[in-house]
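To start, the structure under review is shown below, and the notes come after it.
The values are calculated or read from the model by the stated rules, or taken from the named source; none is laboratory data. Small disclaimer: the values here were computed from a predicted structure and weren't measured. Cβ: placed from backbone, ideal geometry, glycine included. Neighbour counts: every protein chain shown. Side chains are part of the model used for accessible areas, which takes the heavy atoms of the whole protein and leaves out ligands, DNA and RNA. Shrake-Rupley method; radii C 1.70, N 1.55, O 1.52, S 1.80 Å.
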Amino acid sequence: MDSQYVSRTLAVCLSQGLAELLEQRPPDPIEFLALWILKYKQNQELLEQKSAHERQLEEEQRRLHAETLHQKLLQDEETRIREVTEIMAVRACSMFFIITQCSVVFHQLTEAADESKLSPPDQGEDEVCASALLSLLVSV
């Protein structure tokens, strides 16, 4: 059980440190190994900090990408709304023009009817007026 603990917690560190010790063969191997283990621990902590920083950076990049996509969607929606608004404005102007033209035709027909009250309107005249009004509406 104790050997599993040592194996799990120190095996990599000690095996690398001992390999370095054998390669270097320093005059004071205990001090060398102690300093090497401290340096190993510092390096491990730096690696953990670097890894945490990289994860944080990746998360921030994901958030930035999502925000960029969201802004693009909002811009696209704004463009569609602007286009629809312009189309509606054109249609409103067209409708106003049609109503104005109908009003003019109505007044002309009313005046013509007032002038011809003495004689009943001919069936052909009604069809001509309706046809003229229809062609006016279609042309707009």
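Criterion applied to ALA112, ALA52 was being surrounded by 10 or more Cβ atoms within 10 Å (Cβ to Cβ), farther than 30 Å from THR9 by Cα and either touching a helix residue (DSSP H, G or I) at 6+ places or on another chain (Cβ under 6 Å) or hydrophobic (A, V, I, L, M, F, W, C) (or both), and the one residue passing it is ALA112.
Per the listing ILE81, ILE98, the residue uniquely open to solvent by 90 Å² or more (accessible area, probe 1.4 Å) and of a type in the set (A, V, I, L, M, F, W, C) is ILE81. Condition (residue is under 30 Å from THR9 (Cα atoms) and of a type outside the set (Asp, Glu)) applied to the range 56-73: is it met by at least one residue? Checking the range 56-73: at least one residue is under 30 Å from THR9 (Cα atoms) and of a type outside the set (Asp, Glu).
Residue count for the range 61-78 satisfying the condition of being polar (S, T, N, Q) and either open to solvent by 90 Å² or more (accessible area, probe 1.4 Å) or not in a helix (DSSP H, G or I) (or both): 2.
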